[in-house]
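The structure under discussion appears below in the form of structure tokens.
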Amino acid sequence: MANENPLVKARKQLKSLLWELPITGDYLQGRYLRQHFGTEMELIKGNGRNGNGHPSIIHFSVNKAATQYVRDLLRRCIAGTGMISVGLAEYAFHTDFPYLDTLSAADMQKYQHIFHPTGYLYSVFGGMIEGVANLEKYRVVLMVRDPRDVLVSEYYSIAYSHSEPSLRGNKYQDFMKMRQQARRITVDEYVVGECDRVHATYSRYMDLLLKNYPHVHAAKYEAMTDEFETWLDRLLEYCGLEISDPLRQDLLREATRIQPRQENIQQHIRKGKPGDHKEKLKPETVERLNAKFSDVLERFQYPLH
């Protein structure tokens, strides 16, 4: 920014330099990970144990279906229960640890020990994980959103608002390539190019999760934005969580404030309104997406037009 305080700017430049240097960068990365991901690191080592008897919650989602918001909401709702929150995808974002939803069931076997059927909140995964043993014992939450809006929102997130991975992990270069590519093309070109990938995410949820585990609580982003209180009550009832009245009132008040008054492509919550694809995409692009996602739209009861 042109008016940025010179001292603040100099501190940012020094911090960036320190992170890029091999020795100081490794030290800063290690300290950051220990401070923010101590639980995840212990679970990965096989040291995680929690005597809490509440069924563990696994929160699946599609990217741009309020993933971070619902994750944070669930974390606040388990406070005081003795459950432990685990953010494996967050940890992977900043390190060489793999995104578990990209692994085959066979490759997942060496990470099986991370999952415990009681005492933990695993939130949030952006795709189906194959190979979690005894998944029927977990409270499984799946958040979905109209895939056409997901693609539009994803374009603006990748191109402008999403935070960058750590330079010390193995995700930074790929992310920056995606950002540069998104900024070179139009939103229509982006959604057409990425629709197969997003459709595959929904297909895996439908085929591997919903067909095999009827107890899954499938919640819609649109219900959250339109009828938040009902959406919240159903989520809490399914997860077996009771919250205090002050927390409940805080959540209700906050839900009315998170929607931006006007669109800002630089913000994480850019718009948050259903039907965004109708405004941002050409009619022929919308028709193409309608055909591609016809099975998804029918399964989750989204209108074709």
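Simple spin-label estimate for R76 and E229 gives 1.7 nm between the two label positions (7 Å along the Cα-to-Cβ direction from each Cα).
Fewest-first ordering of H277, H54 by other beta carbons within 10 Å of each residue's beta carbon gives H54, H277. Rounded to 0.05, the FRET efficiency of the E164 and L103 pair, given R0 = 22 Å and the Cβ-Cβ distance, is 0.40. Reducing segment 71-131 and segment 203-231 to their Cα centroids gives an inter-centroid distance of 18 Å. Each peptide among 198-210, 232-244, 149-161 gets the average number of other Cβ atoms lying within 10 Å of its residues, and from highest to lowest they stand as 149-161, 198-210, 232-244. Taking θ as phi - 60° and the Karplus parameters 6.51, -1.76 and 1.60, the scalar couplings of segment 54-68 work out to 5, x, 5, 10, 10, 9, 9, 7, 10, 4, 6, 10, 6, 4, 6 Hz in sequence order, x denoting glycine and proline. For segment 86-219, the residue among P117, Y213, A133 whose Cα projects farthest onto the positive side of the dipole built from Cβ charges is P117.
Among the listed pairs K110/K220; K220/K278; K64/K282; K177/K292; K171/K211, those whose Cα-Cα separation exceeds 30 Å are K110/K220; K171/K211. Here the peptides 69-77, 97-105 are ranked by packing, the mean other Cβ count within 10 Å, and the order with the highest first is 69-77, 97-105.
By the equivalent-ellipsoid construction on the alpha carbon gyration tensor, segment 17-299 comes out with semi-axes of 28, 25, 20 Å, ordered largest to smallest.
Each value in this text was obtained by applying a stated rule to the coordinates, not by laboratory testing. Computed from a predicted structure; not experimentally measured. A quick note on method: Cβ atoms are made from the backbone with ideal geometry, for glycine too, and the neighbour counts reach across all protein chains shown.
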